[in-house]
Amino acid sequence: TVTEDGNLESASNLDIKCQVAGGTSILWIVPDGSEVRAGDKLVELDSSILVEQINQQRIAYEKARSTKIQAEKTFAVAKLAVREYMEGTFKKELQDAEALITISLENLRSAQNSLDHAQRMFRKGYVSSLELEGQKFAVERAQLELDSARTAKDVLVDFTKVKMLQDLESQRDTAEAQMKSELAAFDLEESRLKRLESQLELCTIIAPTDGMVV
């Protein structure tokens, strides 16, 4: 029974608002006064601009993903190059240098033994002074080869190794920084794409509960 003049209102009202950033046009809306249930479509908003933005963003996303993958591989190769040099290339070069020193030492001993024998034979008159000089030269040449082999090893250990290691580590660190930069760029493009896709979902407004549409 109406006991007073006035307007009737529902005890529970829900305001439905457009949540698309920047707003957009209404393509379709449920008729005023319609009875709806939760989940029914109330409004269809224009999503053409968002679809275009999503397509453009997917291109940017794929480019960022490709660059990120390449940066990760470049870093992995640079990191492997440091290990390869220290555990492979340098170790082999050091072994070669030490082997050359060993060979040079043996050549020097052999030349010295030959010189000692030649000196004894020279005193006995069996070897000429020219042959003796040749044996002395052989000892001097073997000593020079030994000195050169030792110097080569010192250069390898004290300079070449340090220079190569610093260069390779610099390349590795640069590749790591580039990879982190590309990862950040990829995450940014991915978040933009997800945000646009979530906006696209908001172009269809559904009823949150049962009731009458006003």
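The values are calculated or read from the model by the stated rules, or taken from the named source; none is laboratory data. Note that the structure is a prediction, hence the values are computed from the model and not measured. Ideal geometry is used to build each Cβ from the backbone, glycine not excepted, and the neighbour counts take in all protein chains shown. In case anyone asks, the SASA skips ligands and DNA or RNA and just uses the protein heavy atoms, side chains included. Shrake-Rupley method; radii C 1.70, N 1.55, O 1.52, S 1.80 Å.
Before moving on, here are some points about what is shown:
- Looking across Val155, Val162, Val214, one residue alone is of a type in the set (Val, Ile, Thr) and either closer than 28 Å to Gly22 by Cα or touching a helix residue (DSSP H, G or I) at 6+ places or on another chain (Cβ under 8 Å) (or both). It is Val214.
- Hits in segment 94-115 - residues which are open to solvent by less than 70 Å² (accessible area, probe 1.4 Å) and either aliphatic (A, V, I, L, M) or not in a helix (DSSP H, G or I) (or both): Leu94, Ala97, Ala99, Ile101, Leu105, Leu108, Ala111, Leu115
- A single entry from Ala138, Ala118 fulfils the requirement of being in contact (Cβ under 8 Å) with a residue 24 or more places away in the chain, more than 30 Å from Glu62 (Cβ to Cβ), open to solvent by less than 50 Å² (accessible area, probe 1.4 Å) and over 23 Å from the mean Cα position of the chain (by Cα): Ala138.
- The set of residues in segment 61-74 that are open to solvent by 30 Å² or more (accessible area, probe 1.4 Å) and not hydroxyl-bearing (Ser, Thr, Tyr) comprises Glu62, Lys63, Arg65, Lys68, Ile69, Gln70, Glu72, Lys73.
- Close pairs (8 angstrom Cβ cut-off, 6 or more residues apart or separate chains): among the small types (Gly, Ala, Ser) in segment 154-178, open to solvent by 60 Å² or more (accessible area, probe 1.4 Å) anywhere: Ala175/Thr74; Ala175/Val77; Ala175/Lys79
- Every residue from segment 76-93 that is open to solvent by 30 Å² or more (accessible area, probe 1.4 Å) and either of a type outside the set (Val, Ile, Thr) or more than 30 Å from Leu156 (Cα to Cα) (or both): Ala76, Lys79, Leu80, Arg83, Glu84, Met86, Glu87, Gly88, Lys91, Lys92, Glu93
- Among the residues examined, Lys124 does not qualify as of a type outside the set (Gly, Ala, Ser), modelled with pLDDT of 95 or more and either within 22 Å of the chain's Cα centre (by Cα) or open to solvent by 100 Å² or more (accessible area, probe 1.4 Å) (or both).
- Of Val162, Val127, all but one fail to be out of contact with any Cys (no Cβ under 6 Å at 6 or more places or on another chain), among the β-branched types (Val, Ile, Thr) and over 30 Å from Phe90 (Cβ atoms); the exception is Val127.
- Cβ pairs under 7 Å, 6+ apart, first in segment 1-17 and at pLDDT 85 or above, second surrounded by 10 or more Cβ atoms within 10 Å (Cβ to Cβ): Leu14/Pro208; Leu14/Thr209; Ile16/Leu42; Ile16/Ile205
- Members of segment 1-25 found to be open to solvent by 100 Å² or more (accessible area, probe 1.4 Å), under 54 Å from the mean Cα position of the chain (by Cα) and not acidic (Asp, Glu), listed by number: Leu14, Lys17, Gln19
- Some residue of segment 183-202 being surrounded by 12 or more Cβ atoms within 10 Å (Cβ to Cβ), touching a Leu at 6+ places or on another chain (Cβ under 7 Å) and hydrophobic (A, V, I, L, M, F, W, C): yes
- Of the criteria (1) touching a residue at least 60 places away in the same chain (Cβ under 8 Å); (2) open to solvent by 80 Å² or more (accessible area, probe 1.4 Å), which one Val43 fails: (2)
- Beta carbons closer than 7 Å, at least 6 apart along the sequence or on distinct chains, pair a first residue in segment 190-214 that is basic (Lys, Arg) with a second that is open to solvent by less than 90 Å² (accessible area, probe 1.4 Å) for Arg192/Gln57.
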